[in-house]
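Okay, structure first, notes after.
The values are calculated or read from the model by the stated rules, or taken from the named source; none is laboratory data. All of these numbers come straight from a predicted model, not from anything done at the bench. Heads up, the Cβs are rebuilt from the backbone with ideal geometry, glycines too, and the neighbour counts pull from every protein chain shown. Just so you know, the surface numbers come from the protein's heavy atoms only, side chains and all, with ligands and any DNA or RNA stripped out. Shrake-Rupley method; radii C 1.70, N 1.55, O 1.52, S 1.80 Å.
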Amino acid sequence: MTSKPANDRKAPGRRLLWIPLVLLGLVAATWVALAVLFPPARVRALVQAQLSRTLAREVSFEGAAVSLWPPVRLRVRGVKLAEPGGLAQGSAFEARALDLDLDVLALLARRLVVRRLVLDHPTLHLVIGPDGRTNFAGVMRAPAAGAPGTPGAPAAGAPFDLAVRELEIVKAQALVDDFAASRRIAFGLDSRLGFSLERGGERVATEGATRVSGLSFGPLAAARHADLNRSLAKIEWRIEHRGKYDAASKRLALERLALGAGKAEVTLSGIVDELPGHSRVDFRANGANVDMGQVLDAVAAADARALHGVRGSGRLDFDLSVRGPIALGASPRAAGAPGRGSMPVVTGTIAVANGSVRYPGAPAGVEALAFTARLAPDSLAIGDLSARVSGQPVRAELEVTRFADPAVRFAVRGDVDLAAVSPLVAPKGAQLGGRAALDVRGRGRAKDPNAMVLEGHARLAGVSVESLALPKKIEQVSGALAFSAARAEIQGLNVHAGQSSFTLGGTVTRPLALTAAPGKAEASNVDFTLRSPYLDLAELLPVTPGSPVLPNARGGGKVEIARLKNQRLDVANVTALLTLTPGVVEVPEFAFDGYGGAVRGAGRFDLHDPARPVYAVKARVDTVEADRLLSAWTPARGLLHGALNTTLDFSGEGSTPDDLKRSLTAVGLAALANGTLGPGPAFEVLSQFTKIPEFKEVRFKNMKLPFRVERGRMITDPVVLTGSNGEWRLSGGIGFDGSLDYAVSTTLPPDVVQKLGATASLAAGALAGEDGRILIDLRVSGNAKAPRIDWDKKAMGERAKGQLSSTLEKQRAKLEAELLKGLAPKTGGGVADSARSPEDEARARRALEDSLKKTARGLLEGLFSKPKRDTTRH
């Protein structure tokens, strides 16, 4: 057999070597073609043109290039997307580089496959305005007319399917400025995701894993990371998801959504139908070994201000099913906010083990907290809650049914440190202290305090209440409360505040109804006794404007106070009977000792509007020292001395000085015996003005003083006093501000002139009468601290001629006219009855005037002896 030459045997091997050489040549040719067809300048221009067509916002990048190997890759470096207003205002988004790898062969099957999309070190600045609009609104440019997909455009081919096999975000940093919440949030993010769009985008499938770190938050004014709250920065949050969304059926199917932090993991799976819009969910949520401390931190960071600063620990496990309607992806205006009956039903269990909670500033916390909550449709039951508070065991039970109108049943047993639970049970801004030994059970409708039945007992020891709304800290509260189905009994409740203290005992039905607004719930029935050795209301009453708010109660009680103070009021041996109706306190009788005498009377106080209380008081004053009374309540200090007996009938509305000036009215009848007027600023000026030193103090045997208070003045007319210096008559008034307006008239007989050495007053301006008498008529003005006195020449001249002085009569007529105006009944807004004729109105007016004149004269004259005739008249 003839053998072949060696060269022939090597030929096939050489031909095989040509295959990779040809392939390498094709690659080289392709690289050359890419280099020729897509030089960097052309790629940059193409990218710039595409970005300009797509984005309506200024954008810049440092460079762009296309490479063939590894797979066809587009790389854009130094990408920046401008804030509204241009890059001069900053970047809303930027990245070191954007790498896009394409599967070219997939294009032949009308599929756009992105093998890998990498965002390298991107930064994002998201601004959410008060109206909800963001700084990314309007970033996409509207499609040009005639473009595929726009009305009137030519039909395009079948849409491409899009798949992104891997989207990688490398070391991203995000900053969110939420102006609606006045909050700034910063965090870091690394993510590896994949998603695909099928059937032209009708179906979206996605899965991936994301890690969030460095989460911090704070006010918008925070300019640096160091200014933000970094309490959550050490926690790394893990988010994993896998699911599909079908746009045609509007269904989202979540195979798995997991949130992890530390050892804890919460998983969610199920479906959401009708998304977006009025969606319905069918989810299963499971959590195991969840750290309660991290949950509290996360909830507080989400603006649950009540939990700011709260620290906790423990294990939380849950297994829940969530089914029903819920609004997702639609605004309330567009889709309608879920109303009653449109919330999902949550069922399952929530268990807490070895939990602890401690509020900032609390001397102790809640420890060894454990319970299992069972949720069923329209009900919640916690049957085994146990905890330790300051080392003392506490147990509780709770059952709630019918969430729309909750019926509750609860029980609490244990010795509770109130300081540890104060943030949970005290009103905002208040702090509790002390201990409460509880064994209390309750049942009823939560919305109806009257229907709530309490049973059991509670004992308080060393309880305190501190609040900015209270002038003094309430402390050393002790006593016992006993509850039954019929009523609650208060047994020796002792309360201290500052130097004040009192003891309260009594009974009350439906005690929770006391806190309801009058008219909103049936009032509780009360019967009480309050005793106090010393009570200063300024140490107990809230510092907020207006009067205290009365409890929603009816019934009555008895008050006994050894010494009572309230601003200018300082009295002793106070006794009173009180009758309560919602919003009103009536005092059928009260009595106290004060100002050297005794006061008896009755009153009524309407506090439906605490800012404008309405009150009416009638009182009888017996042998009160006039100067002590006037010094306490008027600017007329040192003006009047003597034993005062009077009746007083006053009423008003409001509590501010302007309210008192406008609305306070009073009518009184006073009589003094063996007293003096002065010394004081007014009588010092009187003595100097008349040149009669003895007028620094005017002594009298009797003085009769009818008075009334209206429009910020106390009117006295006619004042008649008799004494060793003759008879004096005064008519006028003193304002709440101390302003004086008086006419004064007296005649000094010759023996008095000689005794007083008053002839010097003639040189000062007084007139001489017959037989050596001196006529003195004065006008007093100015104010109580700096009075002004002038001679009334006209009045003295009239009396010198033997005529009755008209000054007092004119002053009296003026005061009487003011009294008529004050006594006139108020008609509806001052509008006359339209059914009356003018003649009827005139007759009614005359009858009213006659009646009022009789009333006024009876008040001013009938209850006192009429003034004596002027002895200077001939």
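What order do Asp319, Asp771, Asp527 take when sorted by accessible area (1.4 Å probe), most exposed first?
In descending accessible area the options line up as Asp771, Asp527, Asp319.
So for Ser386, Ser731, what's the accessible-area order with a 1.4 Å probe, most first? Could the numbers behind the result be given before it?
Details: Ser386 30, Ser731 0 Å².
If we order Ser386, Ser731 from most to least accessible, we get Ser386, Ser731.
If amide H atoms are built 1.01 Å from N in the plane of the peptide, which residues on other chains or at least 5 residues away come under 5 Å of the amide H of Ala92?
Residues meeting the criterion, in which the H sits 1.01 Å from N, are Leu81, Ala82, Glu83.
Keeping all protein chains in position, work out how much accessible area His278 exposes to a 1.4 Å probe, and write it in Å² to the nearest 10.
That residue has around 120 Å² of solvent-accessible surface.
Could you run the Karplus curve 6.51 cos²θ - 1.76 cosθ + 1.60 with θ = phi - 60° over the range 394-406 and give me ³J(HN,Hα) per residue in whole Hz, x for Gly and Pro?
Coupling constants for the range 394-406: 9, 10, 8, 9, 8, 9, 10, 10, 6, 4, 5, 9, x Hz.
Got a number for the accessible area of Tyr742? Probe 1.4 Å, square angstrom, nearest 10.
40 Å²
Can you check what the net charge comes to around Val322, using other residues whose Cβ is under 14 Å from the Cβ of Val322 (Lys, Arg +1; Asp, Glu -1)?
Numbers: positive: Arg280, Arg284, Arg323; negative: Asp273, Asp282, Asp319.
Counting the neighbours of Val322, the net charge comes to 0.
May I ask which residue of Gly433, Asn450, Ala381 lies farthest towards the positive end of the charge dipole of the range 381-450, with charges of +1 (Lys, Arg) and -1 (Asp, Glu) on Cβ and the Cα centre as origin?
Asn450
So, R0 is 56 Å and r is the distance between the beta-carbons of Leu541 and Ser379; what FRET efficiency does that work out to, to 0.05? Write out the running numbers ahead of the final one.
Details: r = 43 Å, r/R0 = 0.77.
The computed FRET efficiency comes out at 0.80.
Can you compute 3J(HN,Hα) from phi for each residue in the range 771-776, using the Karplus curve 6.51 cos²θ - 1.76 cosθ + 1.60 with θ = phi - 60°, rounded to whole Hz and x for Gly and Pro?
Once θ is set to phi - 60°, the couplings for the range 771-776 become 6, x, 6, 10, 9, 10 Hz.
How far, in nm, would the chain grow between Thr647 and Asn289 when pulled straight, counting 0.36 nm per residue and subtracting the alpha carbon separation?
Numbers: separation 358, 0.36 × 358 = 128.88 nm, distance 7.78 nm.
Gain in length upon complete extension: 121.1 nm.
Apply the Karplus parameterisation 6.51 cos²θ - 1.76 cosθ + 1.60, with θ equal to phi minus 60°, to every residue of the range 721-734 and state each ³J(HN,Hα) to the nearest whole Hz, in sequence, with x for glycine and proline.
Listing the rounded values in order: 10, 10, x, 5, 9, x, 10, 10, 10, 10, 8, x, x, 10 Hz.
How much length would be gained if the chain were fully extended between Lys520 and Glu560, taking 0.36 nm per residue of separation minus their Cα-Cα distance, in nm to one decimal?
11.2 nm
Name the long-range amide H neighbours of Leu124: under 5 Å, sequence gap of 5 or more, or other chain; modelled H, no Pro or chain starts.
Correct list: Gln173, Ala174, Leu175.
Take Ala572 and Asp282, extend 7 Å from each Cα along the Cα→Cβ direction, and tell me the distance between the two endpoints in nm.
Reported label-point gap for Ala572 and Asp282 is 8.4 nm.
Once the Cβ-Cβ distance between Ala591 and Thr759 is put in as r, and R0 is 60 Å, what FRET efficiency do you end up with, to the nearest 0.05?
0.70
Taking R0 as 60 Å, what FRET efficiency do you get between Arg192 and Ser739 from their Cβ-Cβ distance, rounded to the nearest 0.05?
0.10
Report the full-extension gain for the segment Thr579 to Arg531: residue separation times 0.36 nm, less the Cα-Cα distance, to one decimal in nm.
Gain on extension, Thr579 to Arg531, equals 15.6 nm.
Given a cut-off of under 8 Å on Cα pairs at least six residues apart, what relative contact order in percent is computed for the range 375-496? Intermediate values should be presented prior to the final figure.
Details: 291 pairs, mean separation 19.9, N = 122.
Computed value for the range 375-496: 16 percent relative contact order.
With labels modelled as points extended 7 Å from the Cα through the Cβ direction, what inter-label distance (nm, one decimal) is found for Ala598 paired with Asp246?
Between Ala598 and Asp246, the label points sit 9.5 nm apart.
Can you give the charge dipole size of the range 338-464 about its Cα centre, rounded to the nearest 20 debye, using +1 on the beta carbon of Lys and Arg and -1 on the beta carbon of Asp and Glu?
160 debye
For Lys428, Lys171, Lys696, Lys250, give me the order by solvent-accessible area with a 1.4 Å probe, most accessible first, ignoring ligands, DNA and RNA. Numbers along the way, then the final one.
Numbers: Lys428 205, Lys171 125, Lys696 90, Lys250 65 Å².
Order by accessible area, largest first: Lys428, Lys171, Lys696, Lys250.
Can you list residues from other chains, or at least 5 along the same chain, whose modelled amide H is less than 5 Å from the amide H of Asn783?
Under 5 Å from the amide H of Asn783: Leu740, Arg788.
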